[in-house]
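Below is one structure, written out as structure tokens; the observations come after it.
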Amino acid sequence: MAKLRLPLSDGSIEDYSTGPASPFPLASTTALPRTVYAAAHVVADPLRMTDPVTSPVVDWDATLKFRHHLWGLGMKIAEAMDTSQRGMGLDWSGAKELISRSLAEARTVAGADLACGAGTDQLEPAKTRSLDDVIAAYEEQFAHIEANGGRAIMMASRALCRMAKSRDDYLNVYDRIISQAADKVILHWLGDMFDPELAGYWASRDVDTAMATVLDLIRAHPNKIEGIKISLLEQRHEEKLRAALPAGVKMYTGDDFNYADLIEGDGKHVSHALLGIFDPIAPAAAAALQRLAAGDNAGYHAILDPTVALSRKIFEAPTQFYKAGVVFLAWLNGFQSHFRMLGGMDAARGVVHYADVFRLADKAHLLADPELAAARMRQLAAVNGID
């Protein structure tokens, strides 16, 4: 049991004692009952970043080592996605290198699997003049992924959201890219709480109208679409879309507020997972899914439900800064030696937020070494004036 002083939201300081170390194994060979992608973060290199905002530098060794941790728990990886600070610290040049390195690394690990984000983030807004520019950008990124032996997650595009005037514009762009993709594609519907520039995606701010467009797209390409990841943080939206999907097309929950119930399913339909929160809670998630595979739904919820409160805190508004909480927990659990991020995003949340994340991670039994985690939390508290 480690002791430390933590700030509270009212400005006071409390004495806090941690619980026991996490009981969840850090490796497993048991097959999971759902297809599970953990969207993985990248580790910055603070010793080589002269300017973390304009010249971020990735620590490739630490970044790839963390992917071995996820593969060792039986998870697939969603690479170069939002959790990797795509478009918020990691540009297309960095994402290209990340994709190449991760695909090469996966070939050294038996059973390792990943899919990679393909977007349009190399486009400069002022120089994007037509949908043909958007298509060309998608094609460039798909080509890079496929040339390195990977398959793609077709990410939501800020440029497409700016340029499209109708649902047909979306359908024509997606039809072009999906039709020529070498492998099945995972679609990616990211809500504007994750990225305000994606407001009105699919040519409508009404979710039901947007959903109808998505379903028309999927029904036109049932054999080329592996599934769709939806991140709207509303369980009812995912359940409605999930029930309407063609046979063989998977729903990948991206709902970091309601994933426990959605993955369990409603008795008729289930969600698979493509989640940023599965980066920091991977050992607990793997243990919970093993309980689910054994038919122990109560055991599944006993492990996973406490992580939901943590996830809701990490993903609280402004939601796009959730990556800070993900990397913070990686630091607490010893997966990296520092708490610095690309673009200086570690400063996007305050010490009270981090203290809340610490408490909730402890209550969810996610601290692998409470003494180490407490020592690092004390360092952060001290920098913020807490003795």
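Details
- Residues in the stretch 68-89 that are open to solvent by less than 10 Å² (accessible area, probe 1.4 Å), under 16 Å from D45 (Cα atoms) and not hydroxyl-bearing (S, T, Y): Q85 alone.
- Filtered residues of the stretch 258-277 (kept if over 13 Å from the mean Cα position of the chain (by Cα) and part of a loop (DSSP other than H, G, I, E, B)): N258, G265, D266, G267, K268, H269, V270, S271
- The residue list L380, L366, L310 contains one member that is over 24 Å from H68 (Cβ atoms) and crowded, with 17+ Cβ neighbours inside 10 Å, which is L380.
- Scanning the stretch 97-150 for residues that are in contact with a strand residue (DSSP E or B) (Cβ under 6 Å, 6 or more places away or on another chain) and among the hydrophobic types (A, V, I, L, M, F, W, C) yields I99, A106, L114, A115, C116, A118, F142, I145.
- Beta carbons closer than 8 Å, at least 6 apart along the sequence or on distinct chains, pair a first residue in the stretch 347-373 that is touching a residue at least 60 places away in the same chain (Cβ under 8 Å) with a second that is open to solvent by less than 20 Å² (accessible area, probe 1.4 Å) and among the acidic types (D, E) for P370/D362; A373/D362.
- From the list K313, K323, the one residue that fits, being over 24 Å from G117 (Cα atoms) and in contact (Cβ under 8 Å) with a residue 24 or more places away in the chain, is K313.
- Hits in the stretch 51-100 - residues which are farther than 19 Å from H272 by Cα, in contact with an Asp or Glu (Cβ under 8 Å, 6 or more places away or on another chain) and assigned to a strand (DSSP E or B): V58, R86
- Considering only residues in the stretch 261-282 that are acidic (D, E) and open to solvent by 30 Å² or more (accessible area, probe 1.4 Å), the one that is nearest to E316 (Cα to Cα) turns out to be D261.
- Tally, over the stretch 4-44, of residues that are among the small types (G, A, S), in contact (Cβ under 8 Å) with a residue 12 or more places away in the chain and open to solvent by 40 Å² or more (accessible area, probe 1.4 Å): 5
- Identity of the residue in the stretch 114-129, free of Cβ contacts under 8 Å to residues at least 40 places away in the same chain and part of a loop (DSSP other than H, G, I, E, B), that ends up nearest to H69 (Cα to Cα): G119
- Filtering the stretch 118-138 to residues that are crowded, with 16+ Cβ neighbours inside 10 Å and either β-branched (V, I, T) or under 25 Å from E226 (Cβ atoms) (or both) leaves A118, G119, T120, D121, T128, L131, V134, I135, A137, Y138.
- Qualifying residue in the stretch 337-346 (condition: touching a helix residue (DSSP H, G or I) at 6+ places or on another chain (Cβ under 9 Å), without any contact (Cβ under 8 Å) to a residue 24 or more places away in the chain and under 23 Å from I13 (Cα atoms)): yes
- For D387, the criteria (1) at pLDDT 95 or above; (2) open to solvent by 20 Å² or more (accessible area, probe 1.4 Å) hold in every case but one, which is (1).
- Selection status of R219, over 26 Å from R176 (Cβ atoms), at pLDDT 95 or above and out of contact with any strand residue (DSSP E or B) (no Cβ under 8 Å at 6 or more places or on another chain): no
- Residues in the stretch 192-216 that are under 23 Å from F257 (Cα atoms) and not in a helix (DSSP H, G or I): D192, M193, F194, D195, A199, G200, R205, D206.
- Complete set of residues in the stretch 211-242 that are crowded, with 22+ Cβ neighbours inside 10 Å and closer than 15 Å to M155 by Cα: V214, I225, G227, I228, K229, I230, S231
- The set of residues from the stretch 152-191 being part of a loop (DSSP other than H, G, I, E, B) and either open to solvent by less than 70 Å² (accessible area, probe 1.4 Å) or touching a Ser or Thr at 6+ places or on another chain (Cβ under 8 Å) (or both) comprises M155, A156, S157, A164, S166, A181, G191.
- Residue check, L274 closer than 17 Å to I77 by Cα and not basic (K, R): yes
- Failed criterion for K65 (all others in (1) under 15 Å from the mean Cα position of the chain (by Cα); (2) of a type outside the set (A, V, I, L, M); (3) under 13 Å from V42 (Cα atoms) hold): (1)
The values are calculated or read from the model by the stated rules, or taken from the named source; none is laboratory data. All values derive from a computational prediction rather than experimental measurement. Ideal geometry is used to build each Cβ from the backbone, glycine not excepted, and the neighbour counts take in all protein chains shown. Each accessible area value is taken on the protein alone, full model and side chains, heavy atoms only, with ligands, DNA and RNA left out. Shrake-Rupley method; radii C 1.70, N 1.55, O 1.52, S 1.80 Å.
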